[in-house]
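The structure under discussion appears below in the form of structure tokens.
The values are calculated or read from the model by the stated rules, or taken from the named source; none is laboratory data. Bear in mind the structure is a predicted one, so any value in this text is a computation, not a measurement. Cβ atoms come from the backbone with ideal geometry, glycine included; neighbour counts cover every protein chain shown. Areas reflect the complete protein model, heavy atoms only, side chains present, ligands, DNA and RNA absent. Shrake-Rupley method; radii C 1.70, N 1.55, O 1.52, S 1.80 Å.
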Amino acid sequence: MRHKHSDYMHWSKTQSRARFNLATSGVAPFPLRELPVKVEELEINGDDSYGYAPLQQAIAAHYRVDPECVVESAGTSMANHLAMAAILDPGHDVLIEYPAYGPILDVANYLQTNVRRFTRAEENGWAVDPKEVLRCITPKTRLIVITNLHNPTSAFTPESVLREVGDIARNIGALVLVDEVYLDAVYEGTPRTSFHLGPEFVVTSSLTKVYGVSGLRCGWILAQPDLAWKMRRLNDLYSATPVYPGELLSVAAFQHLDLLRERARRIVEADRKLLRDFLEQESAVSAVDRKWGTTSFVRLQARNVDTFLERLRSKFDTSAVPGRFFEMPDHFRIGMGVNTEMFAEGLNRISRALR
Ligand SMILES: Cc1ncc(COP(=O)(O)O)c(C=O)c1O
């Protein structure tokens, strides 16, 4: 039977909520009333058959790339799907990081590819090791998939390492897909997109996680023009046209990106301080310290994580994401950037549950 679902997505939509919800990955919702846009400027229908030109231009300008390289998509979710489906055929090898964001694996399995893995080791700060990538690559590998920042650990992969991975891919005629949906959560010296590193790089992202406007579903792919065109044609099978009012609002969001990002940044940074204190105080948990990112991947010592999280939810009304969704059952993921009071109380309740 062909794989046709995502256990993580289902859990996230039906089981992740609690009063103290630390099972998040994106920042707090940015309210429409704070976006300087007038309802009279919106419209329901418009010219957007292969994307709305002003939005494509806004995305292209943000990255300093040619608009021909920009493919609009419904969030990074559809961006990843389109990118993988356009590049991969059944039976191709795809090399995906381990641990990985579940839906990336689900799409690769749905596409009937041979999923191979390269490990990001915890003792190495969950970094991408090009030697490990080289060890795991095969002549049939068509695509290497990395998230940067890494979900769940928020590890950052620098350009020097991405270049090495790009060289490995180029030598066998493969491409590198970098999901950069969390990259702009590096607030100081925000790195440029890896799309600039060479034609073997394909990048996906959206305004969902770092900017708080997930409801707009404003996502995109950056790819070389011929591949970008293939992806637009493939998207014809999924959705005739994008949602026009969403595109108008997305253009407005792009005009005020700093406003959106700074609002969330304050919360993320306050939450990170609390998380550091918590990790210092609690000997039963540990995580790699980071200066960036909206998620932290926490190891729980000497306890069953699922049992712990079930109790945390039922007795303490607090949620976090079980590590099994990242194939790491000894860990759980905590999200920052939504509401610092809630985050503080959530951590407090985790401490109580640990006692
Ligand atoms: C690595 C990664 N890619 C893509 C997505 C989906 O993003 P979007 O909401 O833009 O579809 C997520 C959501 O958690 C994610 O963590």
Query raised in the report: Within the bounds of the range 49-65, is there any residue that is surrounded by fewer than 20 Cβ atoms within 10 Å (Cβ to Cβ), β-branched (Val, Ile, Thr) and at pLDDT below 95?
Result: no
Report summary line: Out of (1) open to solvent by less than 20 Å² (accessible area, probe 1.4 Å); (2) touching a Ser or Thr at 6+ places or on another chain (Cβ under 7 Å), the one Ala264 does not meet is (2)
Query raised in the report: When both residues are 6+ apart or on different chains and their Cβ atoms are under 9 Å apart, which pairs have a first residue that lies in the range 179-205 and is under 22 Å from Leu95 (Cβ atoms), and a second that is of a type in the set (Phe, Trp, Tyr) and part of a strand (DSSP E or B)?
Result: Thr193/Phe201; Ser194/Phe201; Phe195/Phe201; Val203/Trp220; Thr204/Trp220; Ser205/Trp220
Report task. Kindly provide the set of residues from the range 288-304 that are surrounded by fewer than 20 Cβ atoms within 10 Å (Cβ to Cβ) and either β-branched (Val, Ile, Thr) or under 25 Å from the mean Cα position of the chain (by Cα) (or both), ordered by number. Result -> Val288, Asp289, Lys291, Arg299
Query raised in the report: From Thr153, Thr138, which residue is under 29 Å from Met336 (Cβ atoms) and β-branched (Val, Ile, Thr)?
Result: Thr153
Report task. Please determine, by comparing only the residues of the range 308-337 that are part of a helix (DSSP H, G or I) and farther than 27 Å from Arg117 by Cβ, which one is most open to solvent (accessible area, probe 1.4 Å). Result -> Lys315
**Report entry** Hits in the range 181-194 - residues which are in a helix (DSSP H, G or I) and either more than 16 Å from the ligand (Cβ to nearest atom) or more than 16 Å from Ile59 (Cα to Cα) (or both)
**Finding:** Ala185
Report summary line: For Met84, the lone unmet condition from (1) within 16 Å of the ligand (Cβ to nearest atom); (2) over 22 Å from Thr295 (Cα atoms); (3) not in a helix (DSSP H, G or I) is (3)
Query raised in the report: Can you name the residue in the range 87-112 that is touching a helix residue (DSSP H, G or I) at 6+ places or on another chain (Cβ under 8 Å) and away from the ligand (no atom under 14 Å from the Cβ) and is also nearest to Met328 (Cα to Cα) among such residues?
Result: Leu95
Report summary line: If you go through Glu68, Glu40, the only one that is touching a residue at least 40 places away in the same chain (Cβ under 8 Å), in a helix (DSSP H, G or I) and open to solvent by 80 Å² or more (accessible area, probe 1.4 Å) is Glu68
Query - Within the range 207-233, considering residues that are among the basic types (Lys, Arg) and either closer than 16 Å to Leu249 by Cα or under 14 Å from the mean Cα position of the chain (by Cα) (or both), the one surrounded by the fewest Cβ atoms within 10 Å (Cβ to Cβ) - result: Arg217
Report summary line: If we keep only residues of the range 145-175 that are within 15 Å of the ligand (Cβ to nearest atom) and outside any loop (DSSP other than H, G, I, E, B), then the residue farthest from Ala28 (Cα to Cα) is Val145
Query raised in the report: Taking helices (runs of 4 or more DSSP H) that fall entirely within the range 206-287, which contain at least 2 residues that are over 30 Å from Ala86 (Cβ atoms)?
Result: 257-281
